[in-house]
Amino acid sequence: MNPQPNTPTPAAEYGALARRRSFRRSLSATGSTGDAVFRVLLLSVALLILLIVSSMVVAMAHNSMPSIREFGFSFLWGSNWDPVKGEFGALPFIYGTIVSSLIALVIAVPLSLGVAIFLVEQAPARLARPIAFLVELLAAIPSVVYGLWGIFVLAPVMREWVEPPLQRSLGFLPLFQGTITGIGLFTGGVILAIMITPIISAVVRDVLAAVPVSQREAALALGATKWETTRVVLANAASGIAGAIILGLGRAIGETMAVTMVIGNRPQISASLFEPSYTIASVIANEFTEATGDLYLSALVEIGLILFLVTFIVNGIAKLLVWSVTRGTSGTARAT
Amino acid sequence: MQASTPRRRNSRRTVNAVMTTLTAACAFFAVSILVVILGYIAMRGLTSINLQFLIDTPKPVGEGGGIGNAIVGSLVLLALGSVIGLPLGIAAGIYLAEFGDGWFGKTVRFVTDTLTGVPSIVIGVFVYTIIVLPQKQFSTWAGGVALALIMIPIVTRTTEEMIRLVPTSLREGALALGAPQWRVTLGVVLPAASTGIATGCMLAIARVSGETAPLLFTAFGSRFYNYYLDEPMASLTVQIYNYAISPYDEWHALAWAATLVLMTLILVINITVRIFTRKKF
Amino acid sequence: MAASTTQAAMKVTIETPKTERAATGSADESQAAAKITVSGLNFYYGPVQALSHISLDIPGRMVMAFIGPSGCGKSTFLRTLNRMNDTIPGTRVEGSVIIDGQDIYAPNTDVVSLRRRVGMVFQKSNPFPKSIFDNVAYGIRINRLTGSKSELEGRVEEALKDAALWPEVKDRLKSSALGLSGGQQQRLCIARALAVKPEVVLMDEPASALDPIATQKIEELVVELKKQYTIVIVTHNMQQAARVSDQTAFFWLGKLIEVNATEKIFTAPNEKLTEDYITGRFG
């Protein structure tokens, strides 16, 4: 119906498009060699990028061939990872990746939503800006630093203050049984949660800000409280929020260093969250340089290929969902 | 005329107050985690840092040692990655902004976005297979290429956005004077978008300076000062990792000190970027 | 002399509603206490003063129109009546607005329940991204005004009937509100506002974004609604003000210039400024 604010009217967009098209036509018409060279140079860079990404898939597929030929699809549900015997199955890593990411989401999603709602709906602008900056700074901390902090600060805290009470109160669940060392699936999940919170909250903030003021006014005018108005805004932003969560999931799946340093790196599938585990990214980081033999190496490359495909799909879905809400309102330079 | 009863009104008021408190608590919690982490780094790092530390190379346990080569190595790798990645990223961004409206442009944009989401360790694996394996050795080149691949999509997206923000009237003014398009783009549009593009480059550099995974099997790491690009190269991040997972307390202390140096670098870049972008808007 | 030329100019546009207005006019006068009494209202956007010394009585169960050129403050003033301006940072109010004997700007006022009693319809319709039913039910639900499901359904139906929308939507209450036409969406927003049974309904140029037929429906609705509600309508369309309202207030540059029975404003205004505006000499 009526155009949203910030997007150009259809007429202006058509005019801009027509002008751009006429640039190109005039390009060939001018016969300017400078222009032709310019265009070719830029085109080749664009093609180079295409080439790089496609060769990524090709190169990794090629190098995983030995492993694919050896194990086929059973690689995906093989639960045995024994380099000595030459048996390789990816299931422990898939399990570890999924569970640690889920733990991360369970913790990070409410936290991020709370932060985003606070910053967009509740806090006065003067307070919101510095707090937003500080939360974004969490994203600037390198993964290896999180890992270092995780080993020496978080793990002891988990071991002394968090996991024992959980085991005492919820120990009847297999989730909370097992030996408590502070290093394991749970700690890995917690550190992932801290790492993906700034990303999720940044995207949710963008999405909430894109909801028109008229929706908030409509609710307020009916006698809604601040929180009830916020619920209306959340309803408007629902698909964008879903996208933000999936984007966070994508990041959690691909996180390497921090997880490697606190998850214990043992290829086992255990019901307990306190036991050590292993993720796809971690096993590659740990064992890649020590991989002896072609089969070992190609199994690791195959795992990398799986990681690539999974993150590709997850990120694709996320971007679609987020785009459907923000649609053109610029999210500026987010180094996602 | 019906009014809601006082009890109903009070429970809504309570819910509202509770939710406001909860969301504020979330924000407070997130900020305090940051403070705790940064504080810990400062605390543990400052105790082990000294000038010798910043110059020395790593030594066996008990003999001290430092991160001098790691600092230089990180700078070299960053420089190499920037030299390769920034021009390519900017060029791709210009292409997408100027010519990227057709199906080809959309494909390139989609693929670039895909590259943003690829985990950095996968990029490390890829560079390993195409550079390290054939060369049969770890090299600085490989590390630089890996970092460049991470930087390119970030820079491309920012560059395209910034160029698109330049008003068409500026372009048309130059074209109307008879300038060919390449002159207009390079001489008029790029300078106009330069602050934004510079910001994007800085963000990419900040992001990459903290990367460890892609360097693990490309540049690999080293205990010496290096001068040749076809040899392995130490880096701050890999060194922190190695010190951290070692069993020696002494090396753990070195890890914290190295982290302090790294975090200082990253914070400086981030705050600079913040100042730049605040001035613009 | 000025009066008769104005009268001549307006003759074509003032039609039958006039007699109806004349009839209800006397009934209104018998209702002694004003519903809303505004005294000495000053309003500031930061350092800029947008409204000066507004004093006005709005009686109950009638339609008052606010007219004036763009930027004269009529919308700002409308929004002070349900404290919607509170959502804009940096605004300040001096003076009092007394509704049913209580100053709504007193320190401990429950703004949330004020807004339920003084409803608002906006210039551009803003239905929630929910079903038609859920839109109308929203206010009822959050204010917990009904006990059972059937009671809720009854209220929703009643509100939709009051808004003259029921026949068009009764078979698709669960479908999305965003699928309605512009005029239907606006009537939905009116139904949504009526569902909480306000005492006053504020309308900020409710028909300005609509086509003539939808506009006419809204105007008929307003005339019907004043039997139960006090309606204050901001409009930039003078003919609309003349058609639907009982009293009209003319604003100019943040001041209230004149308020009187509509017929008097449009035929024999007291102020020259009013007459200039009515006859189209400016704005």
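Against the numbered list (1) more than 10 Å from every other protein chain (Cβ to nearest Cβ); (2) not in a helix (DSSP H, G or I); (3) not acidic (Asp, Glu), B:Phe220 comes up short only at (1). Just checking, which of B:Leu96, B:Leu88 is within 14 Å of another protein chain (Cβ to nearest Cβ), under 22 Å from B:Gly143 (Cβ atoms), buried (at least 18 other Cβ atoms within 10 Å of the Cβ) and not hydroxyl-bearing (Ser, Thr, Tyr)? Step by step, each of B:Leu96, B:Leu88 is checked, and only B:Leu88 is within 14 Å of another protein chain (Cβ to nearest Cβ), under 22 Å from B:Gly143 (Cβ atoms), buried (at least 18 other Cβ atoms within 10 Å of the Cβ) and not hydroxyl-bearing (Ser, Thr, Tyr).
Answer with yes or no whether B:Ala174 is modelled with pLDDT under 90 and surrounded by fewer than 20 Cβ atoms within 10 Å (Cβ to Cβ). So B:Ala174 passes the test. For segment A:70-96, residues that are more than 14 Å from A:Leu305 (Cβ to Cβ) and crowded, with 19+ Cβ neighbours inside 10 Å total 5.
For A:Ala224, the criteria (1) in a helix (DSSP H, G or I); (2) farther than 18 Å from A:Leu321 by Cα; (3) facing another protein chain (nearest Cβ under 10 Å); (4) touching a helix residue (DSSP H, G or I) at 6+ places or on another chain (Cβ under 9 Å) hold in every case but one, which is (1).
Sort out which residues of segment A:206-239 are under 17 Å from B:Leu22 (Cβ atoms) and in contact with a Leu (Cβ under 7 Å, 6 or more places away or on another chain), and write them in order of number. Residues satisfying the conditions are A:Thr229, A:Val233. For B:Thr277, work out the one condition from (1) polar (S, T, N, Q); (2) without any contact (Cβ under 8 Å) to a residue 12 or more places away in the chain; (3) at the interface with another protein chain (Cβ under 10 Å from one of its Cβ atoms) it doesn't fulfil. Here B:Thr277 clears every test but (2).
If you check B:Val76, B:Val127, B:Val72, B:Val61 for being of a type in the set (A, V, I, L, M, F, W, C), touching a residue at least 24 places away in the same chain (Cβ under 8 Å) and out of contact with any helix residue (DSSP H, G or I) (no Cβ under 8 Å at 6 or more places or on another chain), only one passes: B:Val72. Of the residues C:Lys161, C:Lys174, which is without any contact (Cβ under 8 Å) to a residue 40 or more places away in the chain and either more than 14 Å from chain B (Cβ to nearest Cβ) or surrounded by fewer than 20 Cβ atoms within 10 Å (Cβ to Cβ) (or both)? Unique residue meeting the criteria: C:Lys161.
Within segment B:60-112, being of a type outside the set (A, V, I, L, M, F, W, C), over 22 Å from A:Arg39 (Cα atoms) and within 24 Å of the chain's Cα centre (by Cα) holds for B:Gly68, B:Asn69, B:Gly73, B:Ser74, B:Gly81, B:Ser82. Restricting attention to segment A:210-221 and to residues that are without any contact (Cβ under 8 Å) to a residue 12 or more places away in the chain and facing chain C (nearest Cβ under 7 Å), the residue that is surrounded by the fewest Cβ atoms within 10 Å (Cβ to Cβ) turns out to be A:Ser214. Of A:Ala140, A:Ala46, all but one fail to be in contact with a Phe, Trp or Tyr (Cβ under 8 Å, 6 or more places away or on another chain) and at negative phi; the exception is A:Ala46. Summed over segment B:100-110, the residues that are facing chain A (nearest Cβ under 7 Å) and buried (at least 19 other Cβ atoms within 10 Å of the Cβ) give a count of 1. The single condition among (1) over 17 Å from the mean Cα position of the chain (by Cα); (2) facing chain A (nearest Cβ under 9 Å); (3) modelled with pLDDT under 90 that B:Leu229 does not satisfy is (2).
Of the residues making up segment C:81-132, those that are without any contact (Cβ under 8 Å) to a residue 60 or more places away in the chain, under 23 Å from C:Ala209 (Cβ atoms) and more than 9 Å from chain A (Cβ to nearest Cβ) are C:Asn85, C:Ile88, C:Ser131, C:Ile132.
With respect to the stated conditions, C:Asn108 fails to be modelled with pLDDT under 90 and surrounded by 22 or more Cβ atoms within 10 Å (Cβ to Cβ).
Mind checking whether some residue in segment A:179-189 is of a type in the set (Gly, Ala, Ser), surrounded by fewer than 23 Cβ atoms within 10 Å (Cβ to Cβ), at pLDDT below 90 and farther than 14 Å from A:Glu121 by Cα? Yes, segment A:179-189 contains a residue that is of a type in the set (Gly, Ala, Ser), surrounded by fewer than 23 Cβ atoms within 10 Å (Cβ to Cβ), at pLDDT below 90 and farther than 14 Å from A:Glu121 by Cα. Among the residues of segment A:245-280, the ones that are within 14 Å of chain B (Cβ to nearest Cβ) and in a helix (DSSP H, G or I) come to 16 in all. Every residue in segment B:29-48 that is of a type outside the set (Lys, Arg) and facing chain A (nearest Cβ under 9 Å), please. Hits for segment B:29-48 are B:Phe29, B:Ala30, B:Val31, B:Ile33, B:Leu34, B:Val35, B:Val36, B:Ile37, B:Leu38, B:Tyr40, B:Ile41.
Quick check on A:Gly240: is it part of a helix (DSSP H, G or I) and at pLDDT below 90?
no
Taking the criterion of being more than 30 Å from A:Gln215 (Cβ to Cβ) and in contact with a Lys or Arg (Cβ under 7 Å, 6 or more places away or on another chain), would at least one residue in segment C:62-80 satisfy it? So far as segment C:62-80 goes, yes, one or more of its residues are more than 30 Å from A:Gln215 (Cβ to Cβ) and in contact with a Lys or Arg (Cβ under 7 Å, 6 or more places away or on another chain).
The values are calculated or read from the model by the stated rules, or taken from the named source; none is laboratory data. This is a predicted model, so every value here is computed, not measured. Positions of Cβ are generated from backbone atoms using ideal geometry, with glycine treated the same way; all protein chains shown enter the neighbour counts.
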